[in-house]
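The values are calculated or read from the model by the stated rules, or taken from the named source; none is laboratory data. Small disclaimer: the values here were computed from a predicted structure and weren't measured. FYI the Cβ positions are ideal-geometry reconstructions off the backbone, even for glycines, and counts take in every protein chain you see. The area values use the complete protein model at the heavy-atom level, side chains included, leaving out ligands, DNA and RNA. Shrake-Rupley method; radii C 1.70, N 1.55, O 1.52, S 1.80 Å.
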Amino acid sequence: MSEAVIEVRAVRKRFGAHEVLRGVSLTAHQGEVVAIIGASGSGKSTLLRCIPLLEAPDEGEIVIGGERLDPANRHQVERVRATLGFVFQSFNLWPHRTVLGNVIEAPVHVQRRPRGECVAEAEALLAKVGLADKRDAWPNELSGGQQQRAAIARALAMRPRALLFDEPTSALDPELVGEVLRVIRALAEEGRTMLIVTHEMSFAADVSSRAIFLDDGVIAEEGPPGQIFRDPATERCRAFVRRHLERHLGR
C-alpha cells in the first residue's frame, strides 16, 4: 500500500445542536482519487473543510503526511495547510490581481520562492489548464469555467501533496462544466492525490479509484467505483446514484 497522505480519524463536527459529522474516518493514499458523494446536508463539504482545519473538528484527529494536526498550534496548521491545494465552489480569485498575479501570489509571499521561478511555473500551469492566453486578464473578464481553471492553476502553484475539490462545477453553467472536468481528469491521470466532493456521478465513476457515500454524517458505503456506482450494497446509495445518473442523462 502506498503512503497515507491524508487520514481522518473518527471526526465529529457539530454546529449548535446539529451533529454534521458523526465519527467519520477515511484515508487517502498517494496517487489515489477519492470521490465523496451524498445528498445535500450529508456532511461532504464540512468533511473536506475539516481536513485543513478550516473547520475545527469537535472530536477526532486529522493527520497529513504522518503529522497529526494540533488545532491549538497555529504555526503548524498554517504550515501543513500550505501543502494542500483547495478548489471550492466559488472561485475566490482576487479581483485586484490578474490571472498570473493570482497564481503567483502564494508561492511568492507564502513559500518565499523567487518571483522569476514562480512566474515561469505559473505560465506553464496556465498552459496546462488552457489559459495561456489569459495570463494578463482580470478575473471579471473570464467565464466561470475559466475562473475555475485559474483557481486550479493557483492551487497547483503551491506544489501541493494533495488537492481538495469541493463541488468544483456546481457554480458553473452546464456548458462550462466539461472544460473543468477535463482538467481534473488530466490531473488524475498524472497520479495526483485528490479528494473530490462532486455531484457529477458519471465523472466520479470514471475518474475515481475509490468512492465514499456519505449519508447523514456517516460513511454509509465505501468501495471501488465499480461497486459504488454500478452495484451499490445499500438501498440508500443505490437510490442516490440512480437519481443523479438519471438527472445527468436528462440534461
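Of note:
- Counting DSSP beta bridges with both ends in the chain, the antiparallel % (nearest 5): 55
- Nitroxide proxy distance, nm - points 7 Å out along Cα→Cβ at H18 and Q111: 3.7
- Linear extension gain, E235 paired with S202, 0.36 nm per residue minus alpha-carbon span: 10.0 nm
- Rg to Rh quotient for the chain, alpha carbon positions, Kirkwood Rh: 0.96
- Cα shape, region 1-106, gyration tensor, a/c 1.5 rule: prolate
- Between D136 and R243, full extension at 0.36 nm per residue minus the direct alpha carbon distance yields a gain of 34.3 nm.
- The chain, accessible surface, carbon-and-sulfur percent (1.4 angstrom probe): 48
- Distance in nm between pseudo-label sites at T83 and Q30 (7 Å out along the Cβ direction from Cα): 1.2
- Over all pairs of different C-alpha atoms, region 149-251 has a mean inverse distance whose reciprocal, the Kirkwood radius, equals 14.6 Å.
- Accessible area per residue in Å² at 1.4 Å probe, computed on region 60-143: 54
- Stretching the chain fully between R97 and Q227 yields a gain of 42.4 nm (0.36 nm per residue, less the alpha carbon separation).
- Cut-off 16 Å, label 7 Å out along Cα→Cβ of A171, residues of region 199-222 by amide N: 199
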